[in-house]
Amino acid sequence: PMPLSNSSTQSRTPWTPEEDFLLQKGYSQGLSWAMISTTYLAHRSRGCCWGRFKTLQAKMSEHREWTDTEDHVLLLAIKKHDRLFKQAWKAVAKELNDDRSWRECDARANKL
């Protein structure tokens, strides 16, 4: 068997809170993933930094409760952009050879 390359060993190393802090610091400074990697986390690849950031964002959004105001604004925005949603669902229905209406696609997607 081939020896493990550095990159696969790298990706298995768990992230520390300090590394997460540095990652978010670099991001808040507007640095590119490559710059964040070079500047703060030399042992982590650019792609590794990007992946970790996505994971952290997902974790944060899972735990944040929606406020009544956010719910209200979300519903208003959906109503306001209704035509765009309809167009998008019509494009989706086309992928199904128009065997399903855009409304059927929308309803089904909400159940999945």
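Of the residues E18, E70, E65, E104, the one with the largest accessible area comes first in the ranking E65, E18, E104, E70, computed with a 1.4 Å probe on protein heavy atoms.
Computed from Cα positions, the angle between helix 102-111 and the longest principal axis of the chain comes to roughly 50 degrees. Counting only heavy atoms of the protein chains and using a 1.4 Å probe, Y27 has close to 110 Å² of accessible surface. Of K54, K79, the residue with the largest accessible area leads and the full order is K79, K54 (1.4 Å probe). Mind checking which lysines have their C-alpha under 26 Å from K90, skipping anything on the same chain fewer than 8 residues away? Correct list for K90: K79, K80, K111.
Largest mean-square fluctuation among L75, L56, L96, in a Gaussian network model of the chain whose springs join Cα atoms under 10 Å apart, belongs to L96. For the chain, with all protein chains in place and a probe radius of 1.4 Å, 58% of the accessible heavy-atom surface sits on carbon or sulfur. Using alpha carbons only, how many degrees (0 to 90, rounded to 10) separate the axis of helix 17-28 from the longest principal axis of the chain? Around 60 degrees separate the two axes.
Calculated FRET efficiency, K79 to R100, Cβ-Cβ distance, R0 = 41 Å: about 0.95 to the nearest 0.05.
For Y40, no residue 5 or more places off, or on another chain, has a built amide H under 5 Å of its own. Within the full protein context, the accessible area of D82 is estimated at about 80 Å² for a probe radius of 1.4 Å. The orientation-averaged projected area of the convex hull spanned by the Cα atoms of the stretch 17-63 comes to 3.0 nm². Compactness of the chain is given as radius of gyration and Dmax, 21.1, 58 Å, from Cα positions.
The values are calculated or read from the model by the stated rules, or taken from the named source; none is laboratory data. Everything numeric here is computed off the predicted structure, so don't read it as measured data. We place every Cβ from the backbone using ideal geometry, glycine too, and count neighbours over all the protein chains shown. Areas reflect the complete protein model, heavy atoms only, side chains present, ligands, DNA and RNA absent. Shrake-Rupley method; radii C 1.70, N 1.55, O 1.52, S 1.80 Å.
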